[in-house]
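For reference, the structure discussed in these notes is given below.
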Amino acid sequence: SQTLNYSIAYANKGEVEMKDIVIMAVLAGDILDWKTLSDKTNGKLGDSAITWSKEQIPQLAGLQPNEEGLIDFSINVLPIEQINLNLSSKYQVESYAQFSIGNSEVKQNADTKSNTIISKVNSDLKLNEQVRYFNDDNIAVGSGPLPPKVGQTTSYKVYWQLTNNLHELNNLRIEAALPDYLEDGYPY
């Protein structure tokens with residue numbers, strides 16, 4: 001449910017006016033909530049793309065040399081409950097911007113596409129820990145006097161539970177620092 005924020009900066013670095021500019025942002029990924037698209041310039045929404053022309057941004061009708069502008073928009077990632085975790089999704093969004101100019105012929109080898117940005121969705125990793133003398137069935141898993149008494153040993157059992165919902169985790173390492181006054185009777 002978090003928001004992806006985008007900014008497209010455009011500028012005429014040439015020496016002549018650019019006319020009838022069309023700018024397009026392509027966002028490919030099956031984890032986007034298109035209903036949450038926020039675009040104050042009201043770009044036209046197409047198949048996984050947003051397009052802006054002079055109808056949405058009047059400045060794109062004619063961009064003078066050294067003139068520039070900015071297009072800001074945002075879109076939310078679907079809530080985890082709405083993402084089909086059984087699909088072979090990469091849990092990412094690939095996005096890029098592209099432009100065309102109406103008053104000049106863009107050559108076939110011309111670079112009109114930006115770099116592709118890959119936004120990966122992080123797994124929702126959670127660690128739940130419990131220090132218990134009794135388990136859920138009220139059976140003692142610890143030993144010694146309860147409440148603890150000075151000069152006598154009381155032991156507890158520590159439970160750690162990891163949960164993860166998206167990506168496979170590799171080389172995971174968890175550490176816990178114990179206070180100096182505790183004695184460790186078991187290896188980690």
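Once you sort the root eigenvalues of the Cα gyration tensor of region 1-77 as a ≥ b ≥ c, which label holds: rounded (a/c under 1.5), prolate (a/b larger than b/c) or oblate (the other case)? Walk me through the numbers on the way to the answer.
Values: a/c = 2.70, a/b = 2.28, b/c = 1.18.
Prolate, because a/c is 1.5 or more and a/b exceeds b/c.
Quick query: amide H of residue 32 versus all other amide H atoms, modeled in the peptide plane; which residues come in under 5 Å with a sequence gap of 5 or more or a different chain?
78
For the chain, give the percent of accessible area contributed by carbon and sulfur heavy atoms, probe 1.4 Å, rounded to a whole number. Don't skip to the answer; put the middle values down first.
On the way: 6640 of 13840 Å².
Ligands and nucleic acids excluded, carbon and sulfur give 48 percent.
Can you give the longest stretch of the chain with no exposed loop site, where a site means trypsin sites (Lys or Arg not before Pro) in a DSSP loop (not H, G, I, E or B) with at most 11 other C-beta atoms within 10 Å?
Here the longest run is 41-106.
Express the C-alpha Rg of the chain as a ratio against the empirical globular expectation 2.2 N^0.38 Å, rounded to two decimals. It would help to have the intermediate numbers written out before the result.
Details: Rg = 28.1 Å, N = 188, 2.2 N^0.38 = 16.1 Å.
Relative to the 2.2 N^0.38 Å estimate, the chain comes out at 1.75.
DSSP loop GluC sites (Glu not before Pro) in region 35-80 with at most 16 other Cβ atoms within 10 Å of their Cβ, which ones?
Answer by residue number: 55, 67.
Find the Rg to Rh ratio for region 6-51, where Rh is the Kirkwood radius over alpha-carbon pairs and Rg uses the same atoms.
Using Cα coordinates only, the ratio equals 1.05.
Keeping all protein chains in place, calculate the accessible area per residue for region 1-155 (probe 1.4 angstrom), answer in Å².
Details: 10390 Å² over 155 residues.
That works out to 67 Å² for each residue.
I need the phi-derived Karplus couplings for region 156-169: 6.51 cos²θ - 1.76 cosθ + 1.60, θ = phi - 60°, integer Hz, Gly and Pro marked x.
10, 10, 9, 10, 10, 10, 9, 10, 8, 10, 10, 8, 6, 9
Only Cα pairs within less than 10 Å get springs; with that Gaussian network setup on the chain, which residue of 140, 176, 97 has the largest fluctuation?
176
Report, by chain and number, residues whose modeled amide H sits under 5 Å from the one on residue 166, excluding near sequence neighbours (fewer than 5 apart, same chain).
124
The values are calculated or read from the model by the stated rules, or taken from the named source; none is laboratory data. As the structure is a computational prediction, the values presented were derived from the model and not from experiment. Backbone-built Cβ (ideal geometry, glycine too); neighbour counts: all protein chains shown. Accessible surface is based on the protein model in full, side chains and every heavy atom, while ligands, DNA and RNA are left aside. Shrake-Rupley method; radii C 1.70, N 1.55, O 1.52, S 1.80 Å.
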